[in-house]
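K.L.:
I have a structure I would like to understand better, so I am pasting it below and will then ask my questions one at a time.
The values are calculated or read from the model by the stated rules, or taken from the named source; none is laboratory data. Not measured: the values here are computed from a predicted model. Cβ coordinates were reconstructed from backbone atoms using ideal geometry, including for glycine residues, and neighbour counts include every protein chain displayed. Protein only, heavy atoms only, side chains kept; ligands, DNA and RNA dropped before computing areas. Shrake-Rupley method; radii C 1.70, N 1.55, O 1.52, S 1.80 Å.
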Amino acid sequence: MSNPLKVALLGAGGITRSHLPAYLEHPDRVELVAICDMDEPRAAALAGEAGIDSIYTDFNTMLREADIDAVDNCTFHPAHAPLSITAMEAGKHVLVEKPMAMSVQECEDMIAVADKTGMTLMIAQDLRYSPEAVCVKRLIDDGKLGDIHAGRTHLMQKFGVGHDRYADAKQGGGILMSVQIHHIDLLRYYMGNVKRVTAVCKSVTDTMANNAEDLVTAILEFESGAVGNVFAFPGDTPMDIVDGKRTRSDREYIVYGSEGTIHSTPQTDRNMAHFGEVLFAPLTGKSAGEFTPVDTSDAGTPSLKPFVNQILHFEECIRTNTEPFSSGRDNIDTMKIIFAIWESSKTGKAVELKNL
Ligand SMILES: NC(=O)c1ccc[n+]([C@@H]2O[C@H](COP(=O)([O-])OP(=O)(O)OC[C@H]3O[C@@H](n4cnc5c(N)ncnc54)[C@H](O)[C@@H]3O)[C@@H](O)[C@H]2O)c1
């Protein structure tokens, strides 16, 4: 690889504004050299913000002409697998936005091409790269929660308005693929792989197209024996303000162990993405102890911004030839949870992930 890693952004939509700071703040490690979007004004606008003048409207032309080591794929969901495969076959490492792909077969194809070409394939599950997630994972791995018995996550969000494509089942949309995949992936990061799923999904608001789900209730059975619950509903949560702080969130996760509990809090700072600080309470005797914020001062992440950390992790993995925490090989097991939720809701039966 070049030093710094030379990257092209593929897609110049909303999420690239969260990717851009990594390139602007750490040009010594990741240099943004080109931008490609089939919508030229979008590509030009992003190039202006990034201070570069190399723009393309055709991906294959960019692959042929631009001097790049890697592609940061921020396109629509159905384009994730085909364009990532094309990039790897052209000898480019790939960071691809979530969701990894549209089917188990596509995920397997991407992993196979990464293996064949030796390219790094990483999925942008940015929450894993937050200082909070790094420290919670460390607490769990150090046994501070004891045996993990259960986890749950809920999301209350009216989805679809202004997100047509991402709320359309025919275009890989729905609340699971578009939003809750982050929280499901985090539960899996903390609790390990899931072996069985039982679920009901519904499409209950007219902002969702082609029966894309916005109501979900799912029971997860983890390989460890722990259980989990995933719930989504397109409604409002009252946001109580106490001492200037929100006390209830439209999204949260909880992990229950034999020795303690982890609980996310509402987001107060955009940089923290999706959640605020995370609280930990050790179990004292028969009741929970006092919840206090997990100390993130020694997280060791280069930035407070998860998106910056994930792009620097991508660069580090390529430089050191190591597998990313959210590699394709890892992420297929997050994707299978969502495919199993859909399958169970369709058939009314429990779905074993090993059968997918
Ligand atoms: N991590 C997060 O928190 C987060 C948040 C929002 C979106 N996302 C994900 O990021 C991805 C992009 O989302 P967005 O909101 O930026 O979408 P967007 O619709 O704003 O932008 C996507 C861009 O990709 C371009 N594009 C699509 N196919 C292309 C092709 N073949 N060649 C060139 N350009 C192409 C489109 O023209 C468009 O400008 C999605 O996968 C989405 O789920 C992640």
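K.L.:
Restricting attention to the stretch 134-146, does a residue exist that is crowded, with 19+ Cβ neighbours inside 10 Å and within 16 Å of the ligand (Cβ to nearest atom)?
P.N.:
Within the stretch 134-146, none of the residues are crowded, with 19+ Cβ neighbours inside 10 Å and within 16 Å of the ligand (Cβ to nearest atom).
K.L.:
Also, quick follow-up: For Arg152, state whether it is among the charged types (D, E, K, R), under 22 Å from Met335 (Cα atoms) and not in a helix (DSSP H, G or I).
P.N.:
yes
K.L.:
Further question: Determine which member of the set Arg165, Arg128 is on the phi < 0 side of the Ramachandran plot, in contact with a helix residue (DSSP H, G or I) (Cβ under 7 Å, 6 or more places away or on another chain), open to solvent by 10 Å² or more (accessible area, probe 1.4 Å) and within 16 Å of the ligand (Cβ to nearest atom). Give the derivation first.
P.N.:
Values: Arg128 fails: open to solvent by 10 Å² or more (accessible area, probe 1.4 Å).
Matching residue, one of Arg165, Arg128: Arg165.
K.L.:
Still on this structure, please answer the following. Please work out which residue is nearest to the ligand (Cβ to nearest atom), limiting yourself to the stretch 62-90 and to residues that are open to solvent by less than 50 Å² (accessible area, probe 1.4 Å), closer than 17 Å to Glu315 by Cβ and outside any helix (DSSP H, G or I).
P.N.:
Cys74
K.L.:
Would you check which residues across the stretch 251-271 are at pLDDT below 90 and open to solvent by less than 40 Å² (accessible area, probe 1.4 Å) and list them?
P.N.:
Arg251, Glu252, Ser264, Thr265, Pro266
K.L.:
Now for a separate question. Hey, Val94 hits all of (1) under 17 Å from the mean Cα position of the chain (by Cα); (2) within 11 Å of the ligand (Cβ to nearest atom); (3) open to solvent by less than 20 Å² (accessible area, probe 1.4 Å) but one; which does it fall short on?
P.N.:
Condition (2) is where Val94 drops out.
K.L.:
Name the residues in the stretch 1-52 that are more than 16 Å from the ligand (Cβ to nearest atom), out of contact with any Ser or Thr (no Cβ under 9 Å at 6 or more places or on another chain), part of a loop (DSSP other than H, G, I, E, B) and modelled with pLDDT of 95 or more, would you? Steps first, answer last, please.
P.N.:
To start, the set of residues in the stretch 1-52 that are more than 16 Å from the ligand (Cβ to nearest atom) comprises 1-6, 24-31, 33, 51-52.
Filter once more, keeping what is out of contact with any Ser or Thr (no Cβ under 9 Å at 6 or more places or on another chain): 1-6, 24, 27-30, 51-52.
If we keep only those that are part of a loop (DSSP other than H, G, I, E, B) as well, we get 1-4, 27-29, 51-52.
Of everything in the stretch 1-52, those that are more than 16 Å from the ligand (Cβ to nearest atom), out of contact with any Ser or Thr (no Cβ under 9 Å at 6 or more places or on another chain), part of a loop (DSSP other than H, G, I, E, B) and modelled with pLDDT of 95 or more turn out to be Pro4, Pro27, Asp28, Arg29, Gly51, Ile52.
K.L.:
Also, quick follow-up: Which of the numbered conditions does Glu223 fail, given that it passes all the others? Conditions: (1) of a type in the set (Asp, Glu); (2) under 25 Å from Gly14 (Cα atoms); (3) at pLDDT 95 or above.
P.N.:
Unmet for Glu223, out of (1) of a type in the set (Asp, Glu); (2) under 25 Å from Gly14 (Cα atoms); (3) at pLDDT 95 or above: (2).
K.L.:
If a residue has to be under 19 Å from Leu5 (Cα atoms) and of a type in the set (A, V, I, L, M) to count, how many in the stretch 39-94 make the cut?
P.N.:
So the count comes out to 14.
K.L.:
Here is a follow-up. Any chance you could count how many residues in the stretch 97-109 are part of a helix (DSSP H, G or I) and within 14 Å of the ligand (Cβ to nearest atom)?
P.N.:
1
K.L.:
If Phe59 meets every condition in (1) open to solvent by 30 Å² or more (accessible area, probe 1.4 Å); (2) within 15 Å of the ligand (Cβ to nearest atom); (3) more than 26 Å from Pro302 (Cα to Cα) apart from one, which number is that one?
P.N.:
Result: Phe59 passes all but (1).
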